[in-house]
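Have a look at the structure below before the remarks.
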Amino acid sequence: MSSSGWSWSPTRALATFNPNVVNSLPSLEGLGLPNPVGYGGLGAHPAAAPRPPPPPSGPTNENAAPAASGSASTAKPAPDPERAAAAAAAAKPATAATSRKRKSDVAVEAANEDLFPENVEAIDDDDPRLDRLDSDTCNAVRRKIRTWIDSGAMKVGQFQDALGVSSKAYGSFMNRTGTWDGEGCDTFHRALVFFKKRELQGLPLKAAKPKKPKTAESSKKAADLLDVAGVELPRESSNSVPVFDTCDEVRKKIRALLAKDGVTQAAFVREISKTFTDGRKVSPANLRYFMGRRGVIDGNTNVTYYAAYVFFEKQRIKAGKPKTKFREEMEKVHKGTGVDTENSASGGVFTLADETVTLDKYGRMLFHKTR
């Protein structure tokens with residue numbers, strides 16, 4: 001208690017609750033207040049501090065923190081929790097979860113890449129290969145259209161735009177039922193060309209069913225299926241292994257293999273490319289072209305045919321499976337030479353005026369007298 005009477009100090013009151021609070025409080029002298037030690041025997045008050053200058057005119061920053069008087073430093077505004085969280089998220093590097101595309105998006109992109117690849121042979125409408133368009137009936141074309149649409153390759157409106165036909169013309173053709181009913185419709189002829197071009201380009205005529213997500217087990221099974229490195233065939237080093245399967249038979253085996261979980265076209269192409277010892281490679285375009293052909297030995301000069309046959313023969317030997325009856329018949333028909341892989345089966349053949357040529361199921365040419 002001072003000589004002038006009773007006085008109260010907040011510092012002493014706070015110290016009774018928590019002594020550490022006292023240490024955190026600023027000193028009264030540092031605040032620049034008049035007569036900081038109470039109204040004791042100090043006499044008159046000192047002169048008051050000059051008033052601060054008025055704020056400048058014009059727009060002001062309402063969010064700015066007010067400056068403390070005297071020697072105290074400028075106080076920082078309290079951070080906004082939402083902005084702080086957003087800034088922290090933006091500052092974090094992209095993780096695998098945030099930078100990776102959704103599986104559904106990846107699946108759609110992969111399907112589009114298979115159906116409409118960029119690097120594919122362009123075929124003009126006047127291509128001579130399109131002249132032979134008498135193999136499909138109207139009903140056959142309608143089945144192809146329904147398969148194409150039902151697989152999800154295109155929506156009906158998109159397909160109509162691709163053909164350049166109206167919805168009325170499209171519906172008129174699709175609602176008919178006769179074998180050749182609709183032969184004069186634009187939809188029939190344009191759809192015929194559409195699918196023929198895709199066949200010549202080796203592109204699928206429907207969207208593939210989505211495969212199951214890869215797992216460690218499926219990846220291991222796929223790797224085991226494609227691993228035939230431990231098997232070597234006679235004459236393999238000279239790239240002259242006799243082929244005793246037709247092109248259609250090899251295509252059937254390729255489709256069955258690619259349908260298995262974890263097996264991709266890219267991995268298959270890489271594996272069968274190892275067949276050649278002279279530096280040749282099988283490209284995805286080679287595979288698409290070969291898979292788009294139809295016929296017993298149509299595509300016999302494509303590198304995919306020879307390389308895939310060698311691969312499947314190695315796979316058969318590795319699995320310890322016997323030769324099929326058809327395989328043994330092929331060996332008898334083609335003897336030790338195998339199917340010709342040098343001369344294209346689609347080339348011309350010289351015949352007499354009274355002869356025609358056909359291919360049997362073994363890919364063998366048979367000449368017939370017409371009279």
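The values are calculated or read from the model by the stated rules, or taken from the named source; none is laboratory data. Please read all numbers here as calculations on a predicted model, not as lab measurements. In this analysis, Cβ positions are derived from the backbone assuming ideal geometry, glycine residues included, and neighbour counts consider all displayed protein chains.
Restricting to segment 358-371, and then to whatever is modelled with pLDDT of 75 or more and in a strand (DSSP E or B), can you tell me which residue is nearest to the chain's Cα centre (by Cα)?
As a first pass, look at segment 358-371 and keep what is modelled with pLDDT of 75 or more: 358-366, 369-370.
Now drop any that are not in a strand (DSSP E or B), which leaves 358-359, 365-366, 369.
Working: Thr358: 43, Leu359: 40, Met365: 43, Leu366: 46, Lys369: 54 Å.
Taking the candidates together, the pick is Leu359.
Anything in segment 107-157 that is modelled with pLDDT of 80 or more, small (Gly, Ala, Ser) and buried (at least 16 other Cβ atoms within 10 Å of the Cβ)? List them, or say none.
Ser151, Ala153
Need pairs with beta-carbon distance below 7 Å; first residue closer than 13 Å to Gln160 by Cβ and within segment 170-187, second assigned to a loop (DSSP other than H, G, I, E, B); sequence gap 6+ or separate chains.
Listed by first residue and then by second, the contacts come to Ser172/Cys185; Phe173/Gly182; Phe173/Cys185; Asp186/Val165; Thr187/Val165.
Listed here are the residues, each with its yes/no results for (1) under 16 Å from Asp248 (Cα atoms); (2) among the aliphatic types (A, V, I, L, M).
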site	(1), (2)
Phe290	yes, no
Lys332	no, no
Glu342	no, no
Ala353	no, yes
Lys361	yes, no
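Okay, residues lined up against (1) under 20 Å from Phe244 (Cβ atoms); (2) among the acidic types (Asp, Glu):
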{"site": "Arg280", "(1), (2)": "no, no"}
{"site": "Arg293", "(1), (2)": "yes, no"}
{"site": "Asn302", "(1), (2)": "yes, no"}
{"site": "Lys314", "(1), (2)": "yes, no"}
{"site": "Lys321", "(1), (2)": "yes, no"}
{"site": "Thr341", "(1), (2)": "yes, no"}
{"site": "Ser344", "(1), (2)": "yes, no"}
{"site": "Asp360", "(1), (2)": "yes, yes"}
{"site": "His368", "(1), (2)": "no, no"}
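On the basis of being touching a residue at least 12 places away in the same chain (Cβ under 8 Å) and farther than 26 Å from Arg129 by Cβ, does Ser283 make the cut?
Answer is no for this residue.
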